Amino acid sequence: MNASADLHATTVAWDDAARGWDQHSALIRDWLREATAAMLDAAAIAPGAKVLDVAAGAGDQTLDLAQCVGAQGQVLATDISPGILERAAQKLSAAGWRNVRTLTADAQALGLAGANFDAAVCRLGLMFCASPLLALQSIRLALAPGARFSGLVFAGPEANPCITITMQTALRHAGAAARNPFEPGSLLSLGRPGLLPALLHDAGFERVQVRPLPAPFATSRCEDYVAFVRSAGSPIRELLKPLDARARDRAWAEITQRLDMFSTPGGWSGPNELLLFAASKPET
């Protein structure tokens, strides 16, 4: 499959998952509330700023950005999926924000060089890029000198047992071989120790900071988490897509059974760890 075909397949997959992200927006917002606040703080976003939201998804953090910059500021939300951006635009319009535009664009080729954004963020999107270095370079070109960039990615497999269990189970049901957890473009691809700061430096950023951030996924039942992944987790959905409906149901049933180990009398809490990163474009 060539690069163009890969891009098309990725776009279709995320378009397919758009409804799931939208339907579970309240659950996602609760899960990432503290992490998102830390990301926005690290980006040093001020009222009136012009901000770039890369891989914006269904627009949850875009709402926060719009509020941060206020009516005098501007936000551009980009994503590879036009379907998911349409849902983001509807959400922002319903909330009354008129200072946000959307742009369908691959993070690895934004085409925004010289746009001079005051800040940029990327929440749980960078790890899906086959070439994160290209994405980071594309983002840096879109920033003004001295501008801040921050984001969130998943840490490594040991710190993210829910993802590891789900992926391993799905691979076995799909009849696929085990995969390197740090495979480029995968959920945990940027969790290898030392990789993310090295990429940020190589892309031309300075004042690079990376730190782990616990982000447990808490719901009343394990089934709620699985329902979210089943409808919005594009990597797992695509892996199980070739199976017939009965085989897919068996896979999801085993995933639910295995993840139930994180159930407690007070509800289900799946361990997750993110990496919060921040960096600056050089002044000159």
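The values are calculated or read from the model by the stated rules, or taken from the named source; none is laboratory data. Model, not experiment: these values are computed from the prediction. Here Cβ is always computed from backbone atoms with ideal geometry, including for glycine, and neighbour counts include all displayed protein chains. SASA here: full protein model, heavy atoms, side chains in, ligands and nucleic acids out. Shrake-Rupley method; radii C 1.70, N 1.55, O 1.52, S 1.80 Å.
When the residues of region 201-240 are filtered to those that are under 17 Å from the mean Cα position of the chain (by Cα) and of a type in the set (A, V, I, L, M, F, W, C), which remaining residue is nearest to Phe182 (Cα to Cα)?
Ile236
Just checking, does region 16-31 include any residue being at pLDDT 95 or above, surrounded by fewer than 16 Cβ atoms within 10 Å (Cβ to Cβ) and not polar (S, T, N, Q)?
no
Inside region 81-122, can you point out the residues that are within 24 Å of Leu276 (Cα to Cα) and either open to solvent by 40 Å² or more (accessible area, probe 1.4 Å) or without any contact (Cβ under 8 Å) to a residue 24 or more places away in the chain (or both)?
Gln108, Ala109, Asn116, Asp118
Residue-by-condition table, conditions (1) in a helix (DSSP H, G or I); (2) open to solvent by less than 10 Å² (accessible area, probe 1.4 Å); (3) not aromatic (Phe, Trp, Tyr):
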| residue | (1), (2), (3) |
| --- | --- |
| Pro145 | no, no, yes |
| Gly151 | no, yes, yes |
| Thr164 | yes, no, yes |
| Arg172 | yes, no, yes |
| Arg179 | no, no, yes |
| Gly185 | no, no, yes |
| Glu223 | yes, no, yes |
| Glu238 | yes, no, yes |
| Leu243 | no, no, yes |
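Among the numbered conditions (1) buried (at least 21 other Cβ atoms within 10 Å of the Cβ); (2) within 17 Å of Arg148 (Cβ to Cβ); (3) at pLDDT 95 or above, tell me where Gln61 comes up short.
If we test Gln61 against (1) buried (at least 21 other Cβ atoms within 10 Å of the Cβ); (2) within 17 Å of Arg148 (Cβ to Cβ); (3) at pLDDT 95 or above, just (3) comes out false.
What are the residues in region 50-106 that are over 17 Å from the mean Cα position of the chain (by Cα), polar (S, T, N, Q) and under 18 Å from Val121 (Cα atoms), if any?
Passing the criteria: Gln67, Gln74, Asn99.
Report whether or not Ala135 is outside any helix (DSSP H, G or I) and aliphatic (A, V, I, L, M).
In short, no.
Take region 234-262 and flag every residue that is among the polar types (S, T, N, Q) and under 16 Å from Asp224 (Cα atoms).
The first filter runs over region 234-262 and keeps only residues among the polar types (S, T, N, Q), leaving 234, 256-257.
Listed by number, the residues that qualify are Thr256, Gln257.
Would you check which residues across region 221-245 are in contact (Cβ under 8 Å) with a residue 12 or more places away in the chain and of a type in the set (D, E, K, R) and list them?
Arg221, Glu223, Asp224, Arg230, Arg237, Glu238
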